[in-house]
1. For residues that are of a type in the set (A, V, I, L, M) and surrounded by fewer than 24 Cβ atoms within 10 Å (Cβ to Cβ), scanning just region 342-369, find the one that is farthest from Leu103 (Cα to Cα).
2. Taking Ser185 as the residue in question, decide whether it is touching a Pro at 6+ places or on another chain (Cβ under 6 Å), of a type in the set (Ser, Thr, Tyr) and either closer than 26 Å to Pro149 by Cβ or modelled with pLDDT under 95 (or both).
3. State the number of residues belonging to region 255-293 that are closer than 17 Å to Ala340 by Cα and in a loop (DSSP other than H, G, I, E, B).
4. Can Arg92 be described as closer than 15 Å to Leu78 by Cα, among the basic types (Lys, Arg), open to solvent by less than 70 Å² (accessible area, probe 1.4 Å) and in a helix (DSSP H, G or I)?
5. Determine which single condition Thr121 fails, assuming it passes every other condition in (1) surrounded by 18 or more Cβ atoms within 10 Å (Cβ to Cβ); (2) over 22 Å from the mean Cα position of the chain (by Cα); (3) modelled with pLDDT of 95 or more.
6. Any residue at all in region 170-183 that's within 30 Å of Arg128 (Cβ to Cβ), open to solvent by 10 Å² or more (accessible area, probe 1.4 Å) and in contact with a Leu (Cβ under 6 Å, 6 or more places away or on another chain)?
7. Can you find even one residue in region 64-81 that is touching a Pro at 6+ places or on another chain (Cβ under 7 Å) and part of a helix (DSSP H, G or I)?
8. Anything in region 95-118 that is assigned to a helix (DSSP H, G or I) and modelled with pLDDT under 95? List them, or say none.
Amino acid sequence: MRKDPEQTPPSGRRKTAAAKPAAGRRHSEAGKPRVALVLQGGGALGAYQAGVYQALHENGLTPDWVVGTSIGAINAALIAGNPRETRIARLREFWETVAHPDLFDLRQVPDNLRPLATRMTTLDTFVRGAPGFFRPRPLNPFALGLPVPPEEASFYSTAELQDTLARLVDFDYLNGDSGIRMTVSAVKVTCGTLVKFDSASRPIGPEHVMASGALPPGFAPVRVDGELYWDGGLYSNTPMEAVLNDEPRMNTLCMMVDLWHADGPEPRTLEEVQTREKDVTFASRSQRHIDAYLKQYQLRRAAHALYKRLPPAMLTAADRKMMAELGADTTIHIVRLAYAGRDWNMASKDANFARGSVLWRWEQGYQDGLRGIEVSHGCPFEESDAGIVVHELPTGETYVKPSKATERSS
């Protein structure tokens, strides 16, 4: 098993049985399923995604394709925009840069003070921003309701993020033949259309990543090729449809990382209402896309069966080509990895960049990533008419319980 020299798992971690190592590449090796990693938007919750990638990375399950929105787009750029040997280090550097020091040493305070410490750190993010990511705009006319240039229509400036991306992401490598394919999504401000920027069809730069994470009114739209774009999560926070609609179709193992919960308890307080609203707004709509894919898959199979019933003499070259495309029996296995932290029902959990919280989420992502790899080992890719299969992680204990030194879910 190949392992990055700069990254050794902490003591107590147990690895899964490793698949064969796979270097970053545009297409999966012949006969092997493509591996796709799909990353939601979710601000500070995105540290969980970094932990998931670390588990895949250390077990030779390097993705061929990474698809992201918002913070998922930033993590995707850090993964696809660096050679294998530096990816974990770049991810760590980004999350260490944007994290805030904890107000207290959480190992030394009782449980009932931990939410207060986290709220104070989150308030500091609202007041001062996150280093290397975003800062408040001083003397901001926009905050007073006055008109400003569209690129400044926000409460915070993300100029520091542009510098961070330039420092931590090698865009020449990302756009080169040896890199991982990357797709990020953003919404065109003037018409509300979702646009996908894909390195397989065009060069990707920092502006595409920043556009994917420009969530209003906190962040201003980003201009790309003359058009203004906002965060792709406004339209679809889980960019699963990019994988489902990709052509030509091929066997795919998709690791889908969810940061929000569609299901939750009945809210009783203002904060619980705001938390539930945010979860519902940004939770995965993947089931809708999966249902649509299955209907289309069944129609394709029916059309192929009708073509086969025609006499060969009636088939043109175009018909035979269409038959080959319709008759391709491919399967997409989706392994869903869901962030389990409830963050004390804080509506601002996506702005909680407290270092302890970041470390806790990373660790949970790592543990769930290991469990996801175990699930993926049981995904068959022989001929079938299933089309798509969704796998949830089994319930139960992860390999290592979260340390009391960091935030715990409640």
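1. Applying the filter and picking the extreme gives Ala347.
2. Taking the combined requirement at face value, the residue satisfies it.
3. 9
4. yes
5. With (1) surrounded by 18 or more Cβ atoms within 10 Å (Cβ to Cβ); (2) over 22 Å from the mean Cα position of the chain (by Cα); (3) modelled with pLDDT of 95 or more applied to Thr121, the lone miss is (3).
6. no
7. Checked region 64-81: no residue is touching a Pro at 6+ places or on another chain (Cβ under 7 Å) and part of a helix (DSSP H, G or I).
8. Result: Asp111, Asn112, Leu113, Arg114, Pro115, Leu116, Ala117, Thr118.
The values are calculated or read from the model by the stated rules, or taken from the named source; none is laboratory data. Because the structure is predicted, anything quoted here is derived from the model rather than measured. When we count neighbours, we look across all protein chains shown, and the Cβ atoms used for this are built from the backbone with ideal geometry, even at glycine. Each accessible area value is taken on the protein alone, full model and side chains, heavy atoms only, with ligands, DNA and RNA left out. Shrake-Rupley method; radii C 1.70, N 1.55, O 1.52, S 1.80 Å.
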